[in-house]
Amino acid sequence: MMMEREKNTAKKDRSNKENNHHIKIKNSISIKIIFSILFTTLIVAISITIMDYKVISKAVVNEANNILLYHVNEEANKIDKTIIRAESVVKAICIAAENIYDHDLAAQDASYIEKYVKKVEGMVKRHSEEMEDILGIYVMINPEISHNKIYEMFYLDEKGNGQLVKNNSLQSCDFNSDNPNMTWYYHPIKEGQGVWSDPYFWEPIGKELTDYVKPIYDGDILLGVVGIDIDFERFKNRILDLSIYDTCYAFLLDNDLHYVVHRIREAGNDLNQIYPKMATVFENNESKLYDYIAQDGIKKKIAFSHLTNGFVLAVGVQEKEILKGLIQIKQWVIIILLLGIIMAIFMALCISRSITKPIYKIREVLLRAGEGDFSVVCDVDQQDCEETRLLVNSFNKTMSQIKVLMHKAREANRLKSEFMSTMSHELRTPLNSIIGFTQLVLTQSKNNLPSKQIKHLQTVERNGHHLLNLINEILDISAIEAGKKDLVLETFNCVELIDEVIEIGLPLARNKQLNLVNASDAKEIFICSDRQKLLQILINLTGNAIKFTEKGNIKLEAQATLLEDGTSRINIAVSDTGIGIHQEDIQTIFEPFRQVDGSVSRKKGGTGLGLYLTQKLSLLLKGAISVRSTVNKGTTFFCSFPEEIKM
């Protein structure tokens, strides 16, 4: 009954462990399948998304850049239109003034210059029709050809009403290249071509102007200059009010890259001092776009265009605004990717369920089979795929065959056990008689028999005991395998048990001149177990140690070890200095009828059942046995048992 309760408890523990392991495997399979499908889907989705996103991003960025460039070029074209028109008017007057001037007549007729001036006045009137952004046109005759008489014609149209004004406020003495007030006159003469002035404020009309002035030449003779005034405030307001984007801002630079118009920076500030890299890009004019980080840390993008007069018109905008479409695309990509992940998870769950469901069924059947129940079969779900149904049917067929084979194996094992038990009993009865009569003859007739006959009788007695031990081992193994080996629990001193083993094995050890000692440090180590079975285990291990050791020592040592859970285990080691065991043979020494070295076994004797029985008895006592060995140096067997066996 005690053995049966122990068997049921072990079966229940094994079942709980199997169920926990089953849950872990079930979760592991599902997780692996889900993650495999999800990972593959994510890789494909992310790869496609990245490729598409790169293409879309490039297209969006290019489109944003093109839009910015388009607006800059459009605004620059409007300004250039006025600039080109102003330059063309000045050039036309210059050409006409050069063509009508007759140097010979001027030299012969002192009044010719008056006639020439009137013709020029007519040309000024003719070209000075009302025009947008043009405030006035003026002509200054060179005093050197007018006999130091000042002729200045100015056609003013600041209010839309054209009128010719003759300004004679200048004196001949004012015409000096060092005179700062005459820069407008001498600058184009010095350059030998038309030049644009920096913007300036003209008080008579209360406006900010810029003018274009070009010299008039008849060969090498300077006839004067022609200039045109442009309403710079219109340009300035148009540039400052430019609103392509919410964060858009525009500015104008002169030929030397000094600020002319900017909503924050003052006119005259040098771009080279503030943003030298930007200035280099503007000067090289290789690219019409420039990305930079402003002093406030905001990323910005600038598009620029060079005007006809050499000025630079630039439009900047915050990068996040110009790429607002790209940000929206990013958001949509993330949403689509998340939806794809959700769909992938759903598909993975469905596929995982369809794959793992039959595996779980097979696992359940295997668990039941592990408990000895081979009557259970897997149900075939018609909704499963064909391969799954074939797998389940094949498994059921295999389990049916295993069931038949297990039944035959159990029956064969039962018959074997019965045969071994019967034969052992049948052999042990006459064998005991033979041993008993042999001992009787040796005792009563020892002095009457020749020494040769006495040796023969002693050989009979010795072989009889050997055969009896073999029969007893076979009976013990049969009883353990049949579950008929009950435990008789008692509390005893393990150190005293080792002393008893040494006393039993000491005669054999002395015959081989071996030292057999108890190496335990403690004198008392108590254990609650089956004393007779533990004694048999130690006798078997000690007997093997004596058998395979030719010289040296054999030590038995016991010690108690406290575990983390508060329980204790009793560890016993049996070590020798014998021939040792090869590492590749250690795994097989506990198999029945298995001998490591046949030649040694034949020389030393033995059947290969001792260690097999020792391991079975150790498991019966809830213990474990292991071995560590080095060839030609010795072997140590380690046994570990609970301090108390709980039934």
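The values are calculated or read from the model by the stated rules, or taken from the named source; none is laboratory data. No experiment lies behind these values; they were computed from the predicted model shown. Heads up, the Cβs are rebuilt from the backbone with ideal geometry, glycines too, and the neighbour counts pull from every protein chain shown. For accessibility, only protein heavy atoms count, side chains too; no ligands or nucleic acids. Shrake-Rupley method; radii C 1.70, N 1.55, O 1.52, S 1.80 Å.
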Next item on the list: Go through segment 286-304 and give me each residue that's over 18 Å from Asn66 (Cβ atoms) and either exposed (fewer than 14 other Cβ atoms within 10 Å of the Cβ) or touching a His at 6+ places or on another chain (Cβ under 8 Å) (or both).
Entry: Ile293, Ala294, Gln295, Asp296, Gly297, Ile298, Lys299
Item checked: Matching strands (runs of 3 or more DSSP E) fully within segment 167-250 where at least 3 residues are modelled with pLDDT under 90, surrounded by fewer than 16 Cβ atoms within 10 Å (Cβ to Cβ) and among the aromatic types (Phe, Trp, Tyr) -> 200-202
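Name the residues in segment 280-296 that are farther than 25 Å from Glu233 by Cα and in a helix (DSSP H, G or I), would you? Steps first, please.
We begin by selecting, within segment 280-296, every residue farther than 25 Å from Glu233 by Cα; these are 280-281, 283-296.
Selection gives Thr280, Val281, Glu283, Asn284.
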Margin query: Any residue that is open to solvent by 40 Å² or more (accessible area, probe 1.4 Å), small (Gly, Ala, Ser) and at positive phi - is there at least one of those in segment 262-278?
Written below: yes
Item checked: Residue match in segment 380-387 (condition: farther than 30 Å from Phe304 by Cα, at pLDDT below 70, in contact with an Asp or Glu (Cβ under 9 Å, 6 or more places away or on another chain) and in a loop (DSSP other than H, G, I, E, B)) -> no
Check: For segment 510-535, which residues satisfy the criterion of being open to solvent by 50 Å² or more (accessible area, probe 1.4 Å) and not in a strand (DSSP E or B)?
Finding: Arg510, Asn511, Lys512, Gln513, Asp521, Lys523, Glu524, Arg531, Gln532
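Restricting to segment 548-579, and then to whatever is among the charged types (D, E, K, R) and modelled with pLDDT of 90 or more, can you tell me which residue is surrounded by the most Cβ atoms within 10 Å (Cβ to Cβ)?
Within segment 548-579, the match that is surrounded by the most Cβ atoms within 10 Å (Cβ to Cβ) is Asp576.
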Check: Looking at this structure, is Glu283 in contact (Cβ under 8 Å) with a residue 60 or more places away in the chain and at negative phi?
Finding: no
Note to self: So, Ile502, is that one under 20 Å from Ile645 (Cβ atoms), surrounded by 13 or more Cβ atoms within 10 Å (Cβ to Cβ) and either in contact with a Pro (Cβ under 7 Å, 6 or more places away or on another chain) or among the hydrophobic types (A, V, I, L, M, F, W, C) (or both) or not?
What the structure shows: no
Notebook entry, point to check: For segment 57-87, which residues satisfy the criterion of being open to solvent by less than 60 Å² (accessible area, probe 1.4 Å) and of a type in the set (Ser, Thr, Tyr)?
Noted result: Ser57, Thr82
